[in-house]
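Asker: Please see the structure below; I have some questions.
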Amino acid sequence: MLLSTPRDIPLLPAALGCRAAREIAGVYRFARGLDDFVDDPRRPVAAKTGLLTTVSDWLRSPSAPELARAIRSQCRVPLDGRVLRHAGRLRLFVEHLQLDAAGTPLRDRAAFDGYYRGVAGVFGDIVCDAFGESSEAVRAAVRTAAIRLGILTQLRDVPADLAAGRRVCGLEEQVAVLGRAAATDGRLRPEIVAAHVQAVLAMLPPPASPPGPGSSATLGRYLAAVEAANAILTGRLLRTPGRPDRATLGPADRLVVAWRFLRG
């Protein structure tokens with residue numbers, strides 16, 4: 001329950017040990033493993049896009065053993081029924097992860113929104129599917145919370161991502177300003193970073209209206225925990241926009257998030 005990073009928040013339900021929670025944990029490890037593979041700046045683009053193409057093929061044809069062997073030879077991710085039960089949604093995730101692998105810029109707001117729906121919002125849908133949630137109001141709230149968490153987490157990592165050559169959260173024109181500033185004097189000036197952070201925060205979708213009771217009390221607690229983390233991260237980014245890396249969850253913050261999960 002004491003989370004190490006905001007990225008671990010989707011694993012909160014796994015603390016309960018129920019079938020749906022174990023399913024979520026397995027799917028999350030699959031997605032996290034692929035994302036870490038793509039984020040590794042030492043790997044060539046062809047290796048990243050090739051693996052993702054193989055994964056997409058496996059999600060369509062899981063009975064082909066050569067596809068599973070090819071994936072396992074490059075990346076250690078679970079390839080089992082928990083993953084396959086969400087194959088359709090995970091193909092969407094992989095499709096958008098290809099943008100990361102290829103370094104495709106997000107040219108406009110539509111591309112920005114579509115990317116985060118694909119890499120973050122889809123996980124909200126998977127969580128709802130695992131818990132059998134049928135209320136569209138609840139599903140929309142969980143999806144939005146997941147998108148907000150994805151954007152905030154990437155925004156926090158802007159300086160490190162730019163230095164490592166990974167995708168930087170933001171539109172192409174915003175990221176270009178950061179890159180030119182860094183190239184000019186070899187460092188990221190706080191005022192340039194702050195302007196970028198504020199521009200991306202302005203695109204952050206607002207929290208969905210609190211939904212009515214859904215079919216799963218656990219899902220309600222999960223939503224409360226994610227939004228508690230979102231509020232903490234947003235507050236930190238607003239207070240020190242020139243140093244987004246300071247928007248982290250310390251031990252006390254992780255206790256707050258865990259408490260919100262426990263009490264809903």
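Asker: Taking the Cα centroid of region 191-264 and of region 58-76, what is the distance between the two, rounded to the nearest whole Å?
Answerer: 35
Asker: Hey, with R₀ at 30 Å, roughly what FRET efficiency would Thr248 and Ala110 work out to, going by the Cβ-Cβ distance, to 0.05?
Answerer: Result of the calculation: an efficiency of 0.45.
Asker: For region 26-127, just say rounded, prolate or oblate: build the C-alpha gyration tensor, square-root its eigenvalues into a ≥ b ≥ c, call rounded for a/c under 1.5, and beyond that prolate if a/b exceeds b/c, oblate if not.
Answerer: Note, shape of region 26-127 comes out oblate.
Asker: State to the nearest 20 debye the size of the charge dipole of the chain about its Cα centre, where the only charges are +1 on K and R beta carbons and -1 on D and E beta carbons.
Answerer: Taking the Cα centre of the chain as origin, the dipole is about 480 debye.
Asker: Moving to a separate point now. Given the Cα-Cα distance of Gln98 and Gln74 and 0.36 nm per residue of separation, how much length would full extension add, in nm?
Answerer: 7.0 nm
Asker: Separate question: Taking the dipole about the Cα centre of region 89-168, with the C-beta of Lys and Arg at +1 and of Asp and Glu at -1, give me whichever of Ala163, Leu99, Tyr116 is farthest to the positive side.
Answerer: Checking the options against the dipole of region 89-168, the answer is Ala163.
Asker: I'd like to compare 171-177, 21-27, 41-47: which one has the highest average count of other Cβ atoms within 10 Å, and what's the full order after that?
Answerer: Most protected by this proxy first, the peptides run 21-27, 171-177, 41-47.
Asker: Quick one: which of 146-152, 103-109 comes out on top by average Cβ neighbours within 10 Å, and what's the full order, highest first?
Answerer: 146-152, 103-109
Asker: Multiply the residue separation of Trp259 and Ser61 by 0.36 nm, subtract the distance between their alpha-carbon atoms, and state the gained length in nm to one decimal.
Answerer: Extending this stretch completely gives an extra 67.1 nm.
Asker: Answer rounded, prolate or oblate for region 107-264, using the Cα gyration tensor with square roots of eigenvalues a ≥ b ≥ c: rounded when a/c is under 1.5, else prolate when a/b is larger than b/c, else oblate.
Answerer: Prolate, because a/c is 1.5 or more and a/b exceeds b/c.
Asker: Just name one of Ala140, Val175, Ala130: the one whose Cα is farthest towards the positive end of the charge dipole of region 119-180 (beta-carbon charges, Lys/Arg +1, Asp/Glu -1).
Answerer: Towards the positive end, the residue furthest out is Val175.
Asker: Can you give the helix-only mean residue ellipticity at 222 nm for the chain, where every DSSP H stretch with n ≥ 4 adds -39500 (n - 2.57) and the sum goes over all residues, rounded to the nearest 500 deg cm²/dmol?
Answerer: -20500 deg cm²/dmol
Asker: Estimate the FRET efficiency between Leu238 and Ser134 by the formula 1/(1 + (r/R0)^6), using the beta-carbon distance for r and 41 Å for R0, to the nearest 0.05.
Answerer: The pair Leu238/Ser134 has a calculated efficiency of 0.70.
Asker: So, with +1 on the Cβ of K and R and -1 on the Cβ of D and E, and no other charges, what is the size of the charge dipole of region 191-264 about its Cα centre, to the nearest 20 debye?
Answerer: Roughly 220 debye for region 191-264.
Asker: Note down the nm distance, to one decimal, between modelled labels 7 Å out along Cα→Cβ at Ala202 and at Ala47.
Answerer: Here the modelled spin labels are 4.0 nm apart.
Asker: In whole percent, what relative contact order does the chain give with Cα contacts below 8 Å and a gap of six or more residues?
Answerer: Result for the chain is 21 percent.
Asker: Listing Ser135, Ser73 from the residue with the fewest other Cβ atoms within 10 Å to the one with the most, what is the order?
Answerer: The most exposed by this proxy come first: Ser73, Ser135.
Asker: I'd like to know which of Leu152, Val257, Leu201 lies farthest towards the positive end of the charge dipole of the chain, counting +1 on Cβ of Lys and Arg and -1 on Cβ of Asp and Glu.
Answerer: The Cα lying farthest towards the positive end belongs to Val257.
Asker: I need the peptides 80-91, 117-128 ranked by packing, meaning the mean over residues of other C-beta atoms within 10 angstrom, with the highest value on top.
Answerer: By packing density, highest mean first, the sequence is 117-128, 80-91.
Asker: Computed FRET efficiency, Cβ-Cβ of Arg32 and Ser209, R0 25 Å: what is it to the nearest 0.05?
Answerer: Calculated transfer efficiency: 0.25.
Asker: Something else about it: Would you look at the GNM of the chain, springs on alpha carbons closer than 10 Å, and say which of Arg180, Arg143, Arg156 moves the most?
Answerer: Judging by the Gaussian network model, the answer is Arg180.
Laboratory data are not the source of any read-out in this text; all were calculated from the coordinates shown. These numbers come from a predicted model, not from an experiment. Quick reminder, even Gly has a Cβ in these numbers, built from the backbone with ideal geometry, and neighbours come from all protein chains shown.
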